[in-house]
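Every number in this text was worked out from the coordinates using simple rules, so none of it is lab data. Given the structure is predicted, the values throughout are model-derived calculations rather than measurements. Here the Cβ positions follow ideal geometry from the backbone for every residue, glycine too, while neighbour counts run over all protein chains shown.
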Amino acid sequence: MAIGIFDSGVGGLTVLKEIRKVLPNEKIYYLGDTARVPYGEKTKELIIRYSKQITEFLLEKNTDVIVVACNTATSLALEELNRTFKIPIIGVVDAGVKTALDTTKNSKIGVIGTKATIHSKKYEIEIKKRNSKMEVYSKPCPLFVPVIEEGIVEGEIVNQLVKMYLDEFEGKIDSLILGCTHYPLLKSTIKNIYPDIEIVDPAKETATDLKKILISKNLMKNDGEKGFETKYYVTDGQEKFRKIGTMFLNEKINCVELVKL
Ligand code: DGL
């Protein structure tokens, strides 16, 4: 039994971190599609094709459940993955929606993400499905991912970028969904600039959802052998992934394997 997790790059590590907190004894395989990041600029067809290839790769590792730790792939490919594959596959959007609805007090929710995620309107649709009275303000923030992938998560450049994208939310929303798994790295900058806005990171709730699925399907095995290390795979740039990934996880990543999909 193992859990497969994937993202276009290092972003999904923010989800992996939360999953490991609630499921410390399960085996985890993580794939970052670093050769093809960013997904946020790609078409639905491509994102579906990449997501299927990765799912097939993770299935070869005998994973029984997969977490799409990427909002872009969740928004554009999750339905198709669930139509194609038999094992449980969950994304991050549902968790973000649930958490935001529990958090907001003024019924005005902001969503930031990649162009593909925001243009898909996935968050808006799912929020309104659950509560039609909610007002949703969405904004793509395409410059965040390349900056974070370079390991730049604070300082003047980041402050300016955050203000450029988020100033328009001020005074309107009271909760902001980080609709991209890279963005939690900007949490403290965003909080410093907009202390009155509650930041919603779907990662925690995703981990809780995953645990519920494992329990309900009797898949929890607790068989990650003592010292079993999460296995990391990338499609390009092992060294860079190791370096930036270590920053994301706050712990050393020792071994990253290069794979061809
Ligand atoms: N981390 C991914 C997400 O959650 C997207 C980054 C990208 O554009 O590839 O949407």
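The share of Cα pairs per 10 Å bin across region 195-260, counted from zero up to the longest distance, runs 16, 28, 38, 16, 2 percent.
Along the axis of the charge dipole computed for region 1-143 (Cβ charges of +1 for Lys and Arg, -1 for Asp and Glu, origin at the Cα centre), the listed residues 140, 6, 58 are led at the positive end by 140. Its residues counted as N, region 121-261 yields a C-alpha radius of gyration over 2.2 N^0.38 Å of 1.27.
Relative to the dominant Cα principal axis of the chain, helix 13-22 is inclined by about 70°. Qualifying trypsin sites (Lys or Arg not before Pro) in region 128-170, where qualification requires a DSSP coil assignment and no more than 12 other C-beta atoms within 10 Å, comprise 133. Once C-alpha pairs closer than 8 Å and six or more residues apart are averaged by separation and normalised to the residue number of the chain, the relative contact order reads 28 percent.
The mean of 1/r over all pairs of different alpha-carbon atoms in region 158-205, once inverted, gives a Kirkwood hydrodynamic radius of 11.0 Å. If I model region 15-75 as equal point scatterers sitting on the Cα atoms and use the Debye formula, what is log10 I(q)/I(0) at q = 0.14, 0.18, 0.20 Å⁻¹? So the normalised log intensities work out to -0.43, -0.70, -0.84. Summed over qualifying helices (DSSP H, 4 residues or more, each -39500 (n - 2.57)) and divided by its residue number, the chain shows a 222 nm mean residue ellipticity of -13500 deg cm²/dmol. Listed cross-link partners 42/240; 17/115; 42/105; 212/243 are compared with a 27 Å cut-off, the Cα-Cα value being larger for 42/105; 212/243.
The spacing between region 25-66 and region 186-261, judged by their C-alpha centroids, is 14 Å.
Taking region 49-174, how much of its Cα-Cα pair set, in percent, is spaced more than 24 angstrom apart? Across region 49-174, Cα pairs with separations above 24 Å total 40 percent.
The Rg/Rh ratio for region 5-112, using Cα coordinates for both the radius of gyration and the Kirkwood hydrodynamic radius, is 0.98. With viscosity 0.692 mPa s and temperature 37 °C, the Kirkwood radius over alpha carbon pairs of the chain converts through Stokes-Einstein to a diffusion coefficient of 179 µm²/s. This model, with +1 at the C-beta of Lys and Arg and -1 at the C-beta of Asp and Glu, gives region 136-261 a dipole about its Cα centre of some 540 debye.
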